[in-house]
Amino acid sequence: MWKNIEAAPADSILGLTEAFKKETNPNKVNLGVGVYKDDAGNTPVLKSVKAAEAILLEREQTKSYLPISGDPIYASSVQKLIFGEDSEVISNGRAATVHAPGGTGALRVGAELLKKFNSQAKVWISKPTWANHKGIFAAAGFGLAEYNYYDAANMCLDFPALVASLEAVPAGDIVLLHACCHNPSGVDLNEEQWKQVVAIGKAKGWIPFLDFAYQGFGAGVEADRFAVEQFAAAGVDFFVASSFSKNFGLYNERTGALTVVSPNREESVVAMSHLKVTVRVIYSNPPAHGGLVAATILSDPALYQQWLGELNDMRERIVAMRTALVDGIAARGVDRDFSFIKEQRGMFSFSGLNDDVVKWLRDNKAIYVVGGGRINLAGLTSANIDYVCDAIAEILKK
Ligand code: LMR
């Protein structure tokens, strides 16, 4: 069957991890995939997660199927985290949440649902965006268009161009927005800018789809939900794909959620009925373990505080690595200014290193960076920061 078929290219992010594993250079550094590492270079199981797992080991009575939409306690935990406990969206029953396998699964379920009822729409993605966004929405059969976002010359948000793009999106089209910690750029909107974007969306009638995979990695759990809160307050229909991969470190448990917000409870009930039909034909019902862990932590005040502390530690370590990278490159006499990296948020930096530099770093120093120059700052440690700064200085001073 396959003899006349060309092999598909490796995934631009996960394929890099596969190549990195085979790399034999003992100094190798992986700044590719968006996975948190501590200063020892490990991706630990959080202590709050271990504690929740110990509770589950005692309490769990069955491995029978979950409902199609997942455990209702998980859904309500997700809603409290992404909207805030006292949100009117929750008390008015305007949100329908299904447990999806990771943020990717949530995006795909949302895409399939939208395709059923909005098949002529286009999906607008930021330029640039996470490499997998295109694939997910294209696989669901959507045509794609890009909206302006990043000013590559000045390494910042091009807000006037973003506004111009979003004002031209036709009613009914879908606009995929990064709620915080834009992937790959690390460049976010400020609160005033979000308010303007929400007003444009409401006036133009396009459908916001928020990818919310990094809650807690920007400024904190509450501050990072600003965009979600604003869309909720606008009373429009919108979608949120959220994930516990990064903020709970539950990467391989594939623990995400799709939440569809409607203007009222009645519509939300209809949305949930169609969400269930959509899920049933893709994966039937979700895997339980990661969701049980997240729900256990989120509903236990002591574990919740422990988890918040661990999340803050992760965020602060990444911020420290931003500073160490910028200062380390400057200290080596590189005249290009990298201080913009300190302003970016989340796990990533769009470093401004071009693809020739990215290739040189990999070929000569075994430093793996995603094409386009996206660096995962969590891959930097006190043991490898000098090596990475030396390498970047060497190629930029050539
Ligand atoms: C990333 O952007 O590196 C992560 O979201 C992992 C992935 O699946 O691409």
Pairs returned, first residue in region 368-381 that is under 14 Å from residue 17 (Cβ atoms) and away from the ligand (no atom under 12 Å from the Cβ), second residue that is among the aromatic types (Phe, Trp, Tyr) and assigned to a loop (DSSP other than H, G, I, E, B), beta-carbon separation under 7 angstrom, 6 or more apart or interchain, are none
Residues of region 130-140 being out of contact with any strand residue (DSSP E or B) (no Cβ under 7 Å at 6 or more places or on another chain) and within 16 Å of the ligand (Cβ to nearest atom), in sequence order, are 130, 131, 132, 135, 136, 139
Is at least one residue of region 290-309 at positive phi and either more than 21 Å from the chain's Cα centre (by Cα) or surrounded by fewer than 16 Cβ atoms within 10 Å (Cβ to Cβ) (or both)?
no
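For (1) surrounded by fewer than 21 Cβ atoms within 10 Å (Cβ to Cβ); (2) touching a Lys or Arg at 6+ places or on another chain (Cβ under 7 Å); (3) closer than 11 Å to residue 257 by Cα, each residue gets a yes or a no:
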residue	(1), (2), (3)
39	yes, yes, no
54	yes, no, no
71	yes, no, no
89	no, no, no
95	no, no, no
103	no, no, yes
107	no, no, yes
Contact list, first residue from region 120-132 and assigned to a loop (DSSP other than H, G, I, E, B), second anywhere and more than 14 Å from the ligand (Cβ to nearest atom), beta-carbon distance below 6 Å, six or more apart or interchain, is 121/172; 121/173; 121/174
Filter region 133-163 for residues that are at pLDDT 95 or above and either touching a Cys at 6+ places or on another chain (Cβ under 7 Å) or assigned to a loop (DSSP other than H, G, I, E, B) (or both); the one that is surrounded by the fewest Cβ atoms within 10 Å (Cβ to Cβ) is 141
Filter region 311-361 for residues that are among the basic types (Lys, Arg), touching a residue at least 12 places away in the same chain (Cβ under 8 Å) and assigned to a helix (DSSP H, G or I); the one that is nearest to residue 31 (Cα to Cα) is 322
When region 164-188 is checked residue by residue, the ones that are assigned to a helix (DSSP H, G or I) and among the hydroxyl-bearing types (Ser, Thr, Tyr) are 165
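The values are calculated or read from the model by the stated rules, or taken from the named source; none is laboratory data. Predicted, not measured: the structure shown is a model, and the values here were computed from it. In this analysis, Cβ positions are derived from the backbone assuming ideal geometry, glycine residues included, and neighbour counts consider all displayed protein chains.
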